[in-house]
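Q: If you scroll down you'll find the structure; I have some questions about it.
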């Protein structure tokens, strides 16, 4: 069944009622926010939460969304048509996608988990498990599609950082900015946001942590600027 939700500035995003937009997607969109008329490639786009958040905040450029799930891409096309956004939805394997154009940045909220702990639910596996889209495969695809010194923005689980850094450098990327996300200052990070530059220089900046709750137990102002309480 088709459902929808409104972003801060009134963009209506269509989604599958069984696929609630994740907090990770909103955090990635905030971290990877783009302005102007750049060209963006979103891999594993689903129905486009990340890209449409960007348009809702003023992005006016072109976006190509790539996903294997045709039903999700049709929802993205509906959102783009109603919003008047320059979006092309492509059904393709993110690991093998090669465009004829080069992009200013690639954004991806990839599957976090390897093949060890698979669910019995095939739809859950498709979203959460690598299924052939390993970090190596993802970063190789991003490298094929980026301009020189283009940016790759991803989110992932912190315990995969050593593998991620190794794979990024293997594929020509240099990690430039990290931001850890925590439920509160006392809790361990549950997510890491990474900005890596293709053929970039070696200098890493670690931003202050992004926290869901403040010391008063309420949602932080920054979190409330990212998404509504319903999606926390």
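Q: When a footprinting reagent is the concern and you count Cβ atoms within 10 Å, what order do 106, 66, 192 take, fewest first? Working shown, then result.
A: Values: 106 28, 66 24, 192 18.
Going from least to most buried by this count: 192, 66, 106.
Q: Let me ask you something else. Which FRET efficiency, nearest 0.05, do residue 190 and residue 81 yield, Cβ-Cβ r, R0 30 Å? Intermediate values should be presented prior to the final figure.
A: Details: r = 35 Å, r/R0 = 1.16.
For residue 190 and residue 81, the calculated efficiency is 0.30.
Q: Once the piece of chain linking residue 8 and residue 215 is laid out straight, how much longer is it, given 0.36 nm per residue of separation minus the C-alpha distance between them?
A: On the way: separation 207, 0.36 × 207 = 74.52 nm, distance 2.50 nm.
Contour length minus the Cα-Cα distance gives 72.0 nm.
Q: Quick check: residue separation of residue 1 and residue 149 times 0.36 nm, minus the Cα distance between them. What number comes out in nm? Mind showing how you got there, number by number?
A: Working: separation 148, 0.36 × 148 = 53.28 nm, distance 4.11 nm.
Taking residue 1 through residue 149 to full extension adds about 49.2 nm, to one decimal.
Q: Using Cβ contacts closer than 10 Å as the measure, can you line up 101, 42 from fewest to most? Don't skip to the answer; put the middle values down first.
A: Values: 101 10, 42 31.
Going from least to most buried by this count: 101, 42.
Q: So, one more: Per residue, how much space in cubic angstrom lies within the convex hull of the C-alpha atoms of segment 2-231? Could you put the intermediate results ahead of the total?
A: Numbers: hull volume 28.8 nm³, N = 230.
Expressed per residue, the convex hull around the Cα atoms of segment 2-231 is 125 Å³.
Q: Follow-up. Cut-off is 10 Å between beta-carbons; in what order do 77, 166 appear when sorted fewest neighbours first? Walk me through the intermediate numbers first.
A: Details: 77 17, 166 12.
Ordered from fewest to most neighbouring Cβ atoms within 10 Å, 77, 166 come out as 166, 77.
Q: Just report the Cα centroid separation between segment 1-77 and segment 175-212, whole Å.
A: 21 Å
No value in this document is a laboratory result; all are computed from the given coordinates. This is a predicted model, so every value here is computed, not measured. FYI the Cβ positions are ideal-geometry reconstructions off the backbone, even for glycines, and counts take in every protein chain you see.
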